[in-house]
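*Asks:* Sharing a structure here in structure tokens format.
Just so it is clear, none of the values below were taken in a lab; they were calculated from the coordinates. Remember, predicted model here, so these are calculated numbers, not experimental data. Note that each Cβ is placed from the backbone with ideal geometry, even for glycine, and that neighbours are counted across all protein chains shown.
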Amino acid sequence: MKAKHQRLILAAVALCGVAGAGVLGASALRDEAAYFRTPAEVKAGKTMVGEPMRLGGMVAAGSIRRQSDGLTIDFVATDGKASIPVQFKGIVPDLFAENSGMVADGRMRADGIFVADRILAKHDERYMPPQMGEMPKNMKLAPGE
Amino acid sequence: MHAYANPTRFLAIAKPLTPWLLGVGLLLVIGGAWAGLMMVPGEAKQGETARILYVHVPSAWLGMGGWTSLALAGLVQLVWRHPLAGIAARAIAVPGMLFCALCLATGSIWGRPTWGTWWEWDGRMTSMLVLLFLYAGFVALTSGDEGQRQGGSLSRGAAIYALVGAINIPIINRSVVWWNSLHQGPSITLGGSSIDGALLWPLGLTVLGFSLLFGAIVLMRMRRIIADNRVAARLRRLADDEGN
């Protein structure tokens, strides 16, 4: 009986130690493990001009402008606190849209515009059935189709 | 709990339970997959792509749940020395690894059309890949070791490895909250679900169904390890008799 209790206490102490180390490690990683920087972080001077980085945020409503070459788009990335204009030449994912999240690989230019080499779309945690009437054109709402 | 730690008593329950878990699990998975593919509408923004949810979420749940039970078995083995705990941990490792791999594969297939990439090193994906490697390490550590010849119990090193690896489970769970990531935040929390009810119910069927299947596979593998042990013990006795 006694040996069993000793082992239990030892295991509990060791587990607390490991969990503590994990929490310390994770909190130390807090900033480094971030997948992207937000516009507010960029504005606060956490990144350097010309340094490769990822910028993540919402595409501001009404901000997408397509240039006359048909490939280059300009839009504004925002996190509610700060906004940064972004320029991208290429094909964006289907889910890339205004009022929706995106992550861009690229670098800040000296004039304050973020030039992206690649754009990923970010989905939020909400999953909704399509509403009648505002359904995307090429999607079917057919139960048992 | 001590009562079920006896392999004979365990077998008396596991044997009749296995076909039930297998049958009901299969029915639920087939029903949930049918409902998810055929009956519910496509998601408003993602369209048909989001239907992979009904496999991706149960895989993630079982990959993480598998390691959680594996770590608990490691703890029971270390502290109480139950003969079944090591057998359970050995039985869980391979199916847990399989579901972890399924989660990564379905996530990758889902990521390409929605995010625009097969793979990114964000917190969620990286920590889930670490879990796959942890499983691989555990399988390597416990296959063909001394414990296999001693009734299936884990070596102390393997049990400690299982416990230490468990630290990755809360990290996977919180990765999308602690760090900004490409993967979206949690949809289903204690507070409710941000997956609309019209899309959610087949997920309940597949999560429960895959969990029952997982249980059936683990029970079958445990029975096989126990049977192997008995064969080995009998062969040893026979060899001893001949030697005398």
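*Asks:* If a residue counts only when it is farther than 28 Å from B:ILE172 by Cβ, which strands (runs of 3 or more DSSP E) contained entirely in region A:1-93 have at least 3 such residues?
*Replies:* It comes to A:72-78, A:83-89.
*Asks:* Given the criterion within 14 Å of another protein chain (Cβ to nearest Cβ), crowded, with 17+ Cβ neighbours inside 10 Å, hydrophobic (A, V, I, L, M, F, W, C) and not in a loop (DSSP other than H, G, I, E, B), identify the matching residue among B:LEU102, B:LEU75, B:LEU37, B:LEU70.
*Replies:* B:LEU75
*Asks:* Out of the residues in region B:121-144 meeting the condition of being surrounded by fewer than 21 Cβ atoms within 10 Å (Cβ to Cβ) and part of a loop (DSSP other than H, G, I, E, B), tell me which one is nearest to the chain's Cα centre (by Cα).
*Replies:* Across region B:121-144, the extreme among qualifying residues is B:SER143.
*Asks:* Right, here's the next one. Confirm whether B:GLY42 is touching a residue at least 24 places away in the same chain (Cβ under 8 Å) and buried (at least 21 other Cβ atoms within 10 Å of the Cβ).
*Replies:* no
*Asks:* Considering B:ARG90, B:ARG51, which residue is assigned to a helix (DSSP H, G or I), away from every other protein chain (no Cβ under 14 Å) and basic (Lys, Arg)? Before you say what the answer is, go through the steps one by one.
*Replies:* Details: B:ARG51 fails: away from every other protein chain (no Cβ under 14 Å).
That would be B:ARG90, the only listed residue that is assigned to a helix (DSSP H, G or I), away from every other protein chain (no Cβ under 14 Å) and basic (Lys, Arg).
*Asks:* Pairs please, first residue from region A:28-42 and aromatic (Phe, Trp, Tyr), second anywhere and assigned to a helix (DSSP H, G or I) and surrounded by 20 or more Cβ atoms within 10 Å (Cβ to Cβ), Cβ atoms under 7 Å, 6+ apart in sequence or on different chains.
*Replies:* Cβ pairs passing all conditions: A:TYR35/B:GLY123.
*Asks:* Condition check: out of contact with any Cys (no Cβ under 6 Å at 6 or more places or on another chain), within 12 Å of chain B (Cβ to nearest Cβ) and of a type outside the set (A, V, I, L, M). Does A:PHE75 satisfy that?
*Replies:* No; evaluated as a whole, the condition is false for this residue.
*Asks:* Taking region B:78-93 as the region of interest, how many residues are touching a Ser or Thr at 6+ places or on another chain (Cβ under 8 Å) and crowded, with 20+ Cβ neighbours inside 10 Å?
*Replies:* Going through region B:78-93 one residue at a time, the tally reaches 8.
*Asks:* May I ask you to verify whether B:ILE217 is within 12 Å of chain A (Cβ to nearest Cβ) and within 17 Å of the chain's Cα centre (by Cα)?
*Replies:* Considered against the rule, which asks whether it is within 12 Å of chain A (Cβ to nearest Cβ) and within 17 Å of the chain's Cα centre (by Cα), B:ILE217 comes out as no.
*Asks:* Going by what's in this entry, would B:GLY31 be described as under 16 Å from the mean Cα position of the chain (by Cα) and in contact (Cβ under 8 Å) with a residue 40 or more places away in the chain?
*Replies:* For B:GLY31, the condition - under 16 Å from the mean Cα position of the chain (by Cα) and in contact (Cβ under 8 Å) with a residue 40 or more places away in the chain - is not met.
*Asks:* May I ask you to say which residue of A:ARG37, A:ARG54, A:ARG66 is surrounded by 14 or more Cβ atoms within 10 Å (Cβ to Cβ), of a type in the set (Lys, Arg) and under 23 Å from B:PRO113 (Cα atoms)?
*Replies:* Just a single option satisfies the conditions, and that option is A:ARG54.
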